[in-house]
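Structure, as structure tokens:
Each value in this text was obtained by applying a stated rule to the coordinates, not by laboratory testing. Nothing here was measured: the structure is a model prediction, and the numbers come from that model. Every residue, glycine among them, receives a Cβ derived from its backbone with ideal geometry; neighbour counts consider all protein chains shown.
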Amino acid sequence: MKVNKLAVLGDPIKHSLSPKIHNYWLKKMRINGRYQAIKTPIKNLKKVITKLCNNGYTGSNLTIPLKEEALKYINKKDKITTIIGAANVLIFSKTGNIEGKNTDVYGFKKSIMNLIKNKKRSMAIVIGTGGAARAVVCALIEMNYKKVFLFYRTKKKAESIKYDFSKNYKNTLKTKIYCNDIKKIEKSLKKTDILINTTPMGMKGFPSLNIDIKKLNINAAVIDLIYNPLETKLIKESKKRGIKNSNGLDMLIYQAQKSFYYWLNKTPKVTGELKKILEKEIR
Ligand code: NAP
């Protein structure tokens, strides 16, 4: 019987929750397979991918710092992966073909559906301009937000996101993208419908994001892509003010759900039990 071999590659990788998620689904769905974490420094990426492909692996996930580097080694990619410039999923074919996909966009969209139901979509604030910010901007465009304000520490990176999206969507881009210095964020808080932190600020081992959300509209929604800790200072402050909020755990689970589908052509269930297992692991 075929064993579906799957893995997540990254460096560091020890604390990745992906093996927990995928092995839970493989077991629940009685699929013969295993999902492991493989520490992969960026310089070894090509070697590791080639080895997995030759050894009959079905596919892999990619995490920091490999998502952008991987584009050099894939033979096929879709429009979203091209625009974002990063792949978090690889699909290996028997003939040695390697396809790259990005499921962070789907993961983000799915994770905020309930939070933004019936809410205005006039303005969004995105803090940070890395790979995760690109996936979030792509999702906001697909969700028809009218204006997206990118708040940067490094201007060049924000401008390059604006340039890449404008170039790729051409005249079909209905969303206006603005770039602003993070130091000026507080003036924009009053008007935004959604605020998303895509920086690592607030993550375990990092200082908190240094913004005061006092001026944020009570009807806005706050999303922090961080899930370790489960409650960052940003999430705690939002809760205190009665502002709807979400951490990044659902995004992580939903990007995994879509990855699983790409490899095995089956959609696993996102259950309360799975979420509890992951929350326990994080605590
Ligand atoms: P990345 O490519 O390294 O980008 C990080 C961004 O944060 C950069 O634009 C960086 O600015 C900015 N930044 C860092 N410190 C800052 C500060 N003090 N003030 C302002 N901006 C700051 O990383 P990434 O891949 O986008 O990931 C970012 C975070 O999202 C990580 O915590 C990651 O775990 C999380 N994430 C979560 C999910 C999920 O499923 N929940 C998925 C993907 C990512 P510079 O450009 O100036 O360096």
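Structure summary
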| quantity | calculated |
| --- | --- |
| Peptides 18-28, 68-78 ordered by average Cβ neighbours within 10 Å, highest first | 18-28, 68-78 |
| Percentage, to the nearest whole number, of Cα pairs in the range 237-279 over 12 Å apart | 66 |
| Shape category assigned to the range 107-221 from the gyration tensor of Cα positions, a/c cut at 1.5 | rounded |
| Among 166-178, 46-58, 84-96, the order from most to least packed when residues are scored by Cβ within 10 Å on average | 84-96, 46-58, 166-178 |
| Calculated from backbone phi, Karplus (6.51, -1.76, 1.60) coupling profile of the range 136-148 in Hz, x at Gly/Pro | 5, 4, 4, 5, 5, 5, 5, 8, 6, 5, 6, 10, 10 |
| The chain: relative contact order as a whole-number percent, Cα under 8 Å and 6+ apart | 16 |
| Whole-angstrom gap from the range 22-90 to the range 216-240, using each part's C-alpha centre | 30 |
| C-alpha long axis of helix 45-54 to longest principal axis of the chain, angle in ° | 40 |
| Spin-label model distance (nm) - LYS214 vs ILE277, 7 Å beyond Cα toward Cβ | 4.5 |
| Those lysines that a straight Cα-Cα span of less than 17 Å connects to LYS76, excepting residues fewer than 8 apart in one chain | LYS46, LYS67, LYS94, LYS101 |
| Cα gyration tensor shape of the range 154-283, rounded if a/c is under 1.5, else prolate or oblate by comparing a/b with b/c | oblate |
| On Cα atoms only, tilt of 272-282 relative to the major axis of the chain in degrees | 80 |
| Ordering of 109-119, 271-281 by burial proxy (mean other Cβ atoms within 10 Å per residue, highest first) | 109-119, 271-281 |
| GNM result for the chain, Cα springs below 10 Å: residue of VAL270, VAL126, VAL222 fluctuating most strongly | VAL270 |
